[in-house]
Amino acid sequence: MVTQPPPKSKKKPQLVLNIFIWEATQNKEKDLRSMDGASTKGVLSHLSLLEVQARSRKTQPQQPSRVKELKAKAEALMTQRDQLKAEIETHKSLQKLRASMDKQRTHEEEEEEMAEDSDNSQLLRLMARHTQLKDLLHAHDIIGGYNIIKTRKGKGLCISLTTAYNGVYLENYNLEMDLKPTLRISRDNIPPFIPLKSLAEQSNMQTDIRTLLDPLSQHLNAFAARKQQFKLVKELHKSVQVMESNALCSLLVLMFTVPREKTAVLCSLEYTDHTRCLPTRVHFECEDKGLPDSPQWKKNGSLLMETPVHKALITMKKMGDIV
């Protein structure tokens, strides 16, 4: 009896196939995971790059706005150039007109040319006249600022002296003088307390009239300045009483009130130098004998001697020394 070999198992090929399928599935999942990670990383990197580019665009000016800015700057420079050209042309025209005015003769050809070149020729003539008058006023100030005119067909002079304080014109004073046989004062409206006679005697007015006019003007302007200061004290400082003053405004007595103690202080200002508008002596009187000698009131005394009285009182009020 012949023995049959055992039949081959049919399950082995199936097992191998299953193992192969499982390994292929695992490899595919691994490849998919690898591809998914790489894809995710690439997307994130791209997003980061886009974010950086967006930020850089925000920090950098936009090109259209830069062009607009440059155009506006160019237009402003062109406008400035045109203005400078116009000013140069105006200056040239004024120089021509000034030359004709200074020579005191008419240049018909130049005026006709000016009328053709510019519609504002009348305005230019007025501007030229204005600059000419400014130059005359400047020259007038250089020679002393005195207005002198001839009177009585050249036999006399009338001299006007103007006073001013802080840029404000005040009173005018006049002298009438005879020229022959010698120069002498015939009439005047100078205040009697101004030493006109002694000033005339001390001057050398026969050869230089300014040796009289300069010191006289100094006296008159100092008097007008003191008078104006006293007026401002009454207008600006109602709590300060003006107890005494004189016609020459060389003495001023004021009554102060000290805020804390309600103490009255009598202040005397003496102006012995009549060519100045500041006091030469300041004196305080008070029931409190120690107050005038205190450091603060010594400062107040120096302030009154170095500053116009109406301004010094403002400072003293701010410091709380007077009401």
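Any read-out appearing in this document is the output of simple, stated calculations on the displayed coordinates, not a laboratory observation. Please read all numbers here as calculations on a predicted model, not as lab measurements. No Cβ is skipped: glycine too gets one built from the backbone with ideal geometry, and neighbour counts run over all protein chains shown.
Descriptive notes on the structure:
- Computed across region 152-302, the Kirkwood radius stands at 18.0 Å (inverse of mean 1/r, all Cα pairs).
- Shape class for region 273-323, computed from the alpha carbon gyration tensor (a ≥ b ≥ c): oblate, with a/c not under 1.5 and a/b at or below b/c.
- Relative to the Cα centre, the charge distribution of region 229-323, modelled as +1 at Lys and Arg Cβ and -1 at Asp and Glu Cβ, gives a dipole magnitude of about 360 debye.
- Taking a ≥ b ≥ c as the square roots of the eigenvalues of the alpha carbon gyration tensor, region 222-293 is oblate, as a/c is not under 1.5 and a/b does not beat b/c.
- Over 29 Å between alpha carbons, listed pairs Lys289/Lys318; Lys262/Lys299; Lys92/Lys150; Lys71/Lys92: Lys92/Lys150; Lys71/Lys92
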